[in-house]
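Structure record follows, encoded as structure tokens.
The values are calculated or read from the model by the stated rules, or taken from the named source; none is laboratory data. What you are looking at is a predicted structure, and each value in this text was computed from that prediction instead of being measured. Because the Cβ atoms are built from the backbone with ideal geometry, glycine has one as well, and the counts that use them run over all protein chains shown. The area values use the complete protein model at the heavy-atom level, side chains included, leaving out ligands, DNA and RNA. Shrake-Rupley method; radii C 1.70, N 1.55, O 1.52, S 1.80 Å.
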Amino acid sequence: MRYATKLNEYFSGDKTLFLIPLYQRNYAWQRKHCERLFSDLEKVHNNHVYSHFFGSIVTVKASELEDDLLIIDGQQRITTISLLILAAIHSVKNDQMKCELGDEYISDQRNKYLVAKYRKGERKIKLRPIDNDIKAYDALMADDVDQIVPVDKSGITSNFQLFCTLIKASNMTFENLIEAVERLIVIDIRLDSNDNPQLIFESLNSCGKDLEEADKVRNYLLMSLTSEEQEEYYRKYWRKIEENTDNEPTMFIRDYLTVRCKTISSITELYFDFKHFDEKNGMSRKELLEEMLKYSVYYKNASKGIGYTEAVNRKLKQLSYIGSMVCMPFYLSFFDYAKEQDISNEVIYEVLDTIENYWARRIMCGYPANVMAKTFALLHSDVLRIIHQHEKREVELNVTYAELMKYIFLRKQGNAKFPSDAILEEEFPKRQVYRIPLDYRCFLFERMENLDNLETDDTVVDKIREGKYSFEHIMPQTLNASWKTALGSNCERIHEEYLHTFANLTLTAYNSNYGNHSFHEKKEGYTDRKGNKIYGFKDSTFKLSNYLKTIDQWTEEEIRERGRLLKTNFLYLWPMISTSYTPLERESDVVSFDDDDVEVTNRQIQAFIYKGQKHIISSWKGMLVEVCKLVYAEKPTSVTYLSAKDVWFHTYENLKHSKIADNCYVWSSASARTICNILSFLFTELGISKSQLEFDLIPQKENAIEEEE
């Protein structure tokens with residue numbers, strides 16, 4: 001049987017126990033899930049929402065003789081609601097929550113949600129968790145301080161305490177909370193007692209396809225509309241968005257949110273992040289879907305290499321070979337800006353070519369890719385910041401967007417830096433190219449094979465992925481006696497040092513045949529055991545094999561020489577960039593808190609910008625306190641909860657603490673670097689993007705903008 005029911009009615013059985021089967025996992029809701037539930041209940045109360053969907057609960061009768069229910073799916077929700085009601089009762093008892101209807105009302109709610117008072121048998125506590133969870137839950141039910149399981153040992157205990165903290169910071173009364181809970185709606189799915197609960201559980205958790213995040217976003221966008229609007233908006237906007245994203249819009253939605261919010265959502269939180277974004281931005285459904293559709297066109301153009309000139313489309317196609325989508329937020333922002341500002345195709349090409357250069361050099365130098373997502377998420381904003389500085393000072397900007405982008409790349413340091421020629425000279429000969437990801441290899445070999453010749457083979461990557469072309473080790477992966485003789489006394493060192501480098505690799509259509517044949521056979525060709533003619537390097541149409549046609553042996557000298565030739569070609573394709581942009585004379589040094597390379601030691605701060613609003617301060621300590629107060633004003637319950645954890649934030653006064661609010665203090669007797677660590681902890685715990693905060697530092701030099709690093 002499957003039907004919608006109010007949650008309070010689900011709990012109303014006076015003889016029913018909720019039994020968590022042993023094959024279920026332990027209670028696992030995290031703090032963010034509990035905070036989201038509590039926030040939803042506050043919205044239900046404050047906005048007088050009639051009902052709020054709380055998911056489904058799947059049960060089967062434990063036996064024919066009792067009313068007890070085995071919770072096949074939904075134990076997390078039932079356990080969490082039980083903890084919330086228990087925390088509310090505890091909070092009233094400790095004068096941290098008001099209840100105007102008195103003890104009798106509280107007792108009624110306790111009996112409804114937490115106790116099966118008429119059930120026969122020893123256990124009358126309605127919920128029966130498993131293993132360690134039951135010990136923690138029963139101790140809370142008994143209010144037995146000596147038996148309470150520590151917070152770090154039990155999610156039951158920690159979430160109970162979290163709810164107590166949230167209740168204390170909330171304005172809801174006990175009656176308000178109960179009324180909000182009564183408006184929660186669940187889908188009640190009750191199975192026949194003859195069904196095998198283990199098989200049912202396995203089916204629910206391993207079969208079928210869960211809703212994609214994009215499905216949840218679609219439902220969220222359309223369900224609030226009338227039937228006529230749903231039909232119209234689905235056909236006019238959403239279906240086109242799906243078509244533009246190859247019917248997989250989840251990643252597009254994440255990139256769209258990155259563009260709009262300057263933060264990168266995790267896939268598991270995408271729906272909730274989108275919902276939060278929509279609640280804050282104030283756009284109508286039509287405006288929002290129109291904007292998403294517009295960006296989905298840019299997404300399609302960038303991913304497929306269409307919509308622009310032949311040269312730009314080809315460059316986008318070449319970039320797609322890298323196999324990474326981390327540039328997409330930048331593409332969406334840049335293409336929209338380029339259209340608005342009527343940026344020329346030549347500049348668009350130069351921008352994309354510089355990005356390709358950045359990628360190629362970093363791949364060849366083995367730089368980590370994990371910083372790239374943030375780099376490209378903020379790149380367009382970094383360019384706009386310079387443009388706005390010129391507008392603000394009314395100073396003409398006489399360079400292109402591409403030049404500004406190059407300036408930004410050249411200022412990158414640490415893991416995000418643009419590799420110099422000196423670094424490339426050092427890394428190119430020893431880079432183990434054969435061991436890098438296949439997409440990277442395809443990208444490098446396609447570009448190195450075709451260079452920028454007008455007559456190019458656009459099928460190289462496709463044929464590699466189809467298995468028609470492959471990467472050939474000229475010196476084979478296993479040395480036989482003849483190869484050891486050919487390489488000389490240092491054969492083992494040469495093999496280890498050069499085997500997987502670019503110098504020892506080429507493309508071929510005969511990889512499975514070449515094996516460890518001698519270099520002479522690989523060059524001149526030979527007849528295999530079946531009598532088939534195997535053509536050699538001298539007959540190859542691959543330009544990467546041209547040097548191999550001119551030599552008669554493959555020793556360390558030839559390997560090194562070919563490495564030098566390939567490096568020359570690499571630098572021809574991707575020369576070191578420079579910029580013609582001269583920065584403005586410095587009025588202030590505004591740096592983002594999100595910049596990994598920002599250095600605050602021995603720097604003086606004169607203001608900070610939080611969410612676009614500038615605040616004048618005179619010290620790092622003053623900045624810390626003011627930022628904490630702003631964050632507290634936004635999320636008082638979360639900051640209060642952090643204070644209770646007693647890490648950087650505290651509930652008590654101390655000479656080294658500064659007050660944020662009543663019973664809420666921050667450790668402030670610290671260096672600038674430690675203060676940044678405290679803020680980083682705060683922002684991470686509360687899910688605030690560090691890009692929302694900027695520091696306005698006093699310039700280190702008066703005349704010109706220097707490199708901060």
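Some points to look at:
- The set of residues in the stretch 468-496 that are within 37 Å of the chain's Cα centre (by Cα) and either open to solvent by 80 Å² or more (accessible area, probe 1.4 Å) or β-branched (Val, Ile, Thr) (or both) contains only 468.
- For residue 568, the conditions (1) within 25 Å of residue 497 (Cα to Cα); (2) hydroxyl-bearing (Ser, Thr, Tyr); (3) in contact with a Leu (Cβ under 7 Å, 6 or more places away or on another chain) all hold with the exception of (3).
- Residue pairs whose Cβ atoms lie under 7 Å apart, sitting 6 or more positions apart in sequence or on different chains, and linking a residue in the stretch 454-467 that is under 19 Å from residue 440 (Cβ atoms) and open to solvent by 40 Å² or more (accessible area, probe 1.4 Å) to a partner that is part of a loop (DSSP other than H, G, I, E, B) and modelled with pLDDT of 85 or more, are 463/469.
- Checklist (1) in contact with a Ser or Thr (Cβ under 7 Å, 6 or more places away or on another chain); (2) within 25 Å of residue 572 (Cα to Cα); (3) part of a helix (DSSP H, G or I) applied to residue 399, failing item: (3)
- Residue 648 being open to solvent by 70 Å² or more (accessible area, probe 1.4 Å) and modelled with pLDDT of 90 or more: yes
- Filtered residue count, the stretch 292-312, keeping only those that are open to solvent by 40 Å² or more (accessible area, probe 1.4 Å) and part of a helix (DSSP H, G or I): 7
- Qualifying residue in the stretch 136-146 (condition: part of a helix (DSSP H, G or I), modelled with pLDDT under 90 and farther than 24 Å from residue 177 by Cα): yes
- Conditions (1) open to solvent by 60 Å² or more (accessible area, probe 1.4 Å); (2) under 33 Å from the mean Cα position of the chain (by Cα): number failed by residue 162: (1)
- Scanning the stretch 40-64 for residues that are acidic (Asp, Glu) and assigned to a loop (DSSP other than H, G, I, E, B) yields a single hit, 64.
- Single residue of 500, 517 found to be open to solvent by 40 Å² or more (accessible area, probe 1.4 Å), in contact with a Phe, Trp or Tyr (Cβ under 8 Å, 6 or more places away or on another chain) and not in a helix (DSSP H, G or I): 517
- Exclusive hit being aliphatic (A, V, I, L, M), modelled with pLDDT under 90 and over 32 Å from the mean Cα position of the chain (by Cα), set 566, 584: 584
- Taken over the stretch 292-320, the criterion of being without any contact (Cβ under 8 Å) to a residue 12 or more places away in the chain and either of a type in the set (Gly, Ala, Ser) or more than 27 Å from residue 362 (Cα to Cα) (or both) is satisfied by 307 alone.
- Selection of the stretch 121-139 for residues being loosely packed, with under 15 Cβ neighbours inside 10 Å and either in contact with a strand residue (DSSP E or B) (Cβ under 9 Å, 6 or more places away or on another chain) or in contact (Cβ under 8 Å) with a residue 12 or more places away in the chain (or both) yields 123, 131.
- Some residue of the stretch 343-353 being modelled with pLDDT of 95 or more and assigned to a loop (DSSP other than H, G, I, E, B): yes
- Only listed residue being in contact with a strand residue (DSSP E or B) (Cβ under 7 Å, 6 or more places away or on another chain), among the aromatic types (Phe, Trp, Tyr) and in contact (Cβ under 8 Å) with a residue 24 or more places away in the chain, chosen from 610, 641, 665: 610
- Qualifying residue in the stretch 462-482 (condition: aromatic (Phe, Trp, Tyr) and assigned to a helix (DSSP H, G or I)): no
Matching residues to (1) surrounded by fewer than 19 Cβ atoms within 10 Å (Cβ to Cβ); (2) at pLDDT 95 or above:
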| site | (1), (2) |
| --- | --- |
| 255 | no, yes |
| 269 | yes, no |
| 325 | yes, no |
| 336 | yes, yes |
| 357 | no, yes |
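- Of the strands (runs of 3 or more DSSP E) that lie entirely inside the stretch 520-617, those containing 3 or more residues that are surrounded by 13 or more Cβ atoms within 10 Å (Cβ to Cβ) span 589-592, 605-610.
- All positions within the stretch 395-412 that are open to solvent by 40 Å² or more (accessible area, probe 1.4 Å) and in contact with a helix residue (DSSP H, G or I) (Cβ under 6 Å, 6 or more places away or on another chain): 397, 400
- Filtered residues of the stretch 411-422 (kept if at pLDDT below 95 and in a helix (DSSP H, G or I)): 411, 414, 415, 416
- Selection status of residue 620, surrounded by 17 or more Cβ atoms within 10 Å (Cβ to Cβ) and at positive phi: no
- Scanning the stretch 323-351 for residues that are within 23 Å of the chain's Cα centre (by Cα), over 22 Å from residue 370 (Cα atoms) and among the aliphatic types (A, V, I, L, M) yields no hits at all.
- Looking only at the stretch 370-394, and only at residues there that are over 19 Å from residue 694 (Cα atoms) and modelled with pLDDT under 90, the one that is most open to solvent (accessible area, probe 1.4 Å): 370
- Neighbours by Cβ (under 6 Å, 6+ apart or cross-chain): first from the stretch 562-584, over 21 Å from residue 545 (Cα atoms); second surrounded by 18 or more Cβ atoms within 10 Å (Cβ to Cβ) and basic (Lys, Arg): 577/406; 579/406
- Failed criterion for residue 228 (all others in (1) modelled with pLDDT of 80 or more; (2) more than 25 Å from residue 4 (Cβ to Cβ); (3) open to solvent by 90 Å² or more (accessible area, probe 1.4 Å); (4) in a helix (DSSP H, G or I) hold): (2)
- Annotation: of all residues in the stretch 423-453 being outside any helix (DSSP H, G or I) and either at positive phi or open to solvent by less than 30 Å² (accessible area, probe 1.4 Å) (or both), the one that is modelled with the lowest pLDDT is 451.
- Filtered residue count, the stretch 76-120, keeping only those that are aromatic (Phe, Trp, Tyr) and either surrounded by fewer than 16 Cβ atoms within 10 Å (Cβ to Cβ) or farther than 16 Å from residue 12 by Cα (or both): 2
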